[in-house]
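Input: a single structure, listed below in structure tokens.
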Amino acid sequence: MIFKKRYYIMTPSYLKILRLLFIAFILFSFSFESAPKGPKTKKSTTPVYKYNPDARMLYLKTSIKEKYVLKYLFPIAISEFKWNGDLKTCNAGSMDSTQLNSVLQRINFFRALDSLPPVTFGAQENALAQKAAALMKANGELSHNPPKTWKCYSEEAATGASNSNLGESYEGDPSVFIRNFIRDDGTSNGSVGHRRWILNSAAGKFGFGSTGDYGALWVINKQETKGKIPFSITWPCKGYIPAPLVFDRWSCAIPDADFSHTSVQMTNQNTGQRVSVSLEPLKYGYGDNTLVWIPVKTDILSSEDITYHVKLYNVMLHGKKINYEYDVTIFQP
């Protein structure tokens, strides 16, 4: 079979048709011109600072899942902790390097989720924290200012107590104290002071001691942070976070900020519904200045990812009023 090529010559009638089509196209285009702009609305002059998720590419969802297992859950798998001290002789005991490293690993896991530099443990801080933990155990209660009448009292133990987060737990693994400090529940912890010291932007060296049922985390030191400090330190952290690490109290710290007139707005991005919040009383002096609130309801049981948009209005920073907003996405690990 032979296919013959055909050639068509543009006759005047064809050209006339093309001209008409061209004119119709021009008229049609103008008929869909953008509508005139309405009256201009007055824009807010308050600067809005938004968290940029691109800066946290290292902590994408899959990466956080891995770190949650290896750096958060794994420490619990270490052999059961056994205190080697003795209350009869007021021997405070000690923790071996494996146990201390598991605790430090959990601390730096929480700090890394908030883009904070890691901290280290100091030998002197560990020793004083250990004495403080033993002092708490000897007397069966917690105090940052223990009286000299306490059993096994010493100046070293008192110094450790006054510079440490103190806790009591019966879960066996010393690293559990760190989770409890970050959770910071209880009526007396509305300012989340324990959390704020662990996530302190100026922190560089900590110390830890435990008897198993009592723990002390030395947190008060001179500013020693080495590394880039994020604009804000939030919990739950910005971006992706495993559901088991979302606790009742939410917080946002901005170094040197004044939250005296700040309000919080939360929105469930999946449903578009606003989430009512209750602000905790402001307290300064625990690490970075921090605003704390309790959402009436957050969904931490959903099988799908749930994103909450958080916006803080009227934050005073270096004499200027700003707004700040970020997203928290809760997922099941």
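Tabulated results
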{"read-out": "Per-residue SASA entry for Y284, accessible area with 1.4 Å probe, Å² rounded to 10", "value": "100 Å²"}
{"read-out": "Å² of accessible area per residue within the stretch 166-272, as computed with a 1.4 Å probe and no ligands counted", "value": "36 Å²"}
{"read-out": "Radius 12 Å from Cβ of N108, net charge of other residues (Lys, Arg +1; Asp, Glu -1)", "value": "+3"}
{"read-out": "Trypsin sites (Lys or Arg not before Pro) lying in DSSP loop within the stretch 239-333, provided at most 15 other Cβ fall within 10 Å", "value": "K283, K297"}
{"read-out": "Length gained when the stretch D248-D327 is fully extended (0.36 nm per residue, less Cα-Cα span)", "value": "26.7 nm"}
{"read-out": "Extension gain (nm, one decimal) between L87 and T187, 0.36 nm per residue minus Cα-Cα", "value": "32.9 nm"}
{"read-out": "Approximate spin-label separation N145-Q273, in nm, with each point projected 7 Å along Cα-to-Cβ", "value": "4.6 nm"}
{"read-out": "Alpha-carbon centroids, the stretch 281-329 and the stretch 149-219: separation in whole Å", "value": "24 Å"}
{"read-out": "Sequence-distant residues sharing a close amide H with A202 (under 5 Å, placed H)", "value": "none"}
{"read-out": "Most to least accessible of H194, H144, H318 (protein chains only, probe 1.4 Å)", "value": "H318, H144, H194"}
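The values are calculated or read from the model by the stated rules, or taken from the named source; none is laboratory data. Computed from a predicted model, the values in this text were never measured in an experiment. A quick note on method: Cβ atoms are made from the backbone with ideal geometry, for glycine too, and the neighbour counts reach across all protein chains shown. The area values use the complete protein model at the heavy-atom level, side chains included, leaving out ligands, DNA and RNA. Shrake-Rupley method; radii C 1.70, N 1.55, O 1.52, S 1.80 Å.
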